[in-house]
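Below is one structure; the comments refer to it alone.
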Amino acid sequence: MSNSTFKIPKVGDHTKWVNAYNLLKLSGAGIAIASVLEYAVEKAFQLDQGATSSRNIIIHVYPAVGDDLAALDSIRDHALLSKKYEPEDYKCEFIETGQEFLHYAPDGRVVIIETSPTRGADASVLEGSIEIYFMHGTSENGPSTDIVMLPMRLVVQQPINFKKYYVVYCHALTTLRVGEVPNEADEGQHNNNTLHYIGITKQGWQRRFQQHLSDARRGSPLLFHRALRDFYVGSKQVQHRVLEVCSSEKEAMDAEEEFVDGAMPNLLNTEAFENFTDSWYFGTLYPKGLNMIPGGYAGLKVLHKLGALQDGKRVDVDRRDKILIDSIKRDGRAGQANPLISAHWNDPDYAEKIICGPEGRLSTEQIHEARKLELTGMNNAEIAKAVGAKNELQIDRLLAGRTYSRIGRPN
């Protein structure tokens, strides 16, 4: 088969549709993907006579494979297979050049572009979204796929550069590994396998996320950082959603407070973001999510009550985690139990979700079954085989109480 894949031209400094600066700050995608989006918008809006509010654009970005026809066929087959699992009412279509839906980005990466009508109950408030799937394959450094989602209005036909704006973001971290499927009881319940965290930054959120990863590697006790240690590398996917950009700190803090609490401020239509691959919810304060304190100024009040902040002292939004980490470490050095950590880890249901999630660890069901089998007189080697443990040592440690002690015994 000949390679008829079209190479999308690189855009210059001035684009018709896309604000390349905002795309870089809000998605981490540079000029190559800005060029792809420019091309996609031009094609997609032809379907709706330039109505920017009525279309979603989805870009799948694969590594560069050159003219390797076998690799291109594999990508093509994967995309066609995914189509079989789309709901009947989900009218998502490939953007094609000629009769080919594979394209090359200007930097040589392979891209597939899809577009769909924005869905929602109230057509008057429909808002299109941009979704970018960065496909890494099996990775030793992170997830198989990074998904970035943002409202289209922030990037397309947006004359304002958000240089000094605050970004309110949500990270969704799945506990599922590559090749792993949800338990039958969790089928269709995406949130049962997903942990959410909402935050604010004045930086690009990608830079802030790298700081979160660095804190996680250094052993931070915060729940989000614990979850990153356990689930980030080798997971199926991590979603990064831009909820809003705000021109003032107060506006951003107020929005974060409402999002974390479970409200939906300033979002025109949440249904415009939801499709069959993306099920999520607002409200990420523990125990629903990974935020340990309320969002916005309500969270600062909690830090004051903990003695972590001096009255009247101004706090940079990007330094709140450090203040909380220092507070927990300070209490630890003083031999005191930090009230936030105590509250979170004294909750057996939440601890169970975190402790039993990572690949290679025993599930709650395996733990309960192993303890039952011990009562029958079965030896540890037999128990390990019966419950599907990684090895006998895993069962030795469990039954000796050295691991999984937080996971209660079944009734």
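Each reported figure results from applying straightforward, stated rules to the coordinates on display, with no laboratory input. Computed from a prediction, not measured in an experiment: that's the story for all the values here. Positions of Cβ are backbone-derived with ideal geometry, glycine not excepted, and every protein chain shown enters the neighbour counts.
Structural remarks
- Cβ-based exposure ranking for 226, 217, in which fewest neighbours within 10 Å come first: 217, 226
- Ordered by the number of other Cβ atoms lying within 10 Å of each residue's own Cβ, fewest first, 116, 248 fall into the sequence 248, 116.
- Highest to lowest packing among 132-138, 169-175, scored as the average C-beta count within 10 Å: 169-175, 132-138
- Subtracting the Cα-Cα distance of residue 210 and residue 316 from 0.36 nm times their residue separation leaves 36.4 nm of extension gain.
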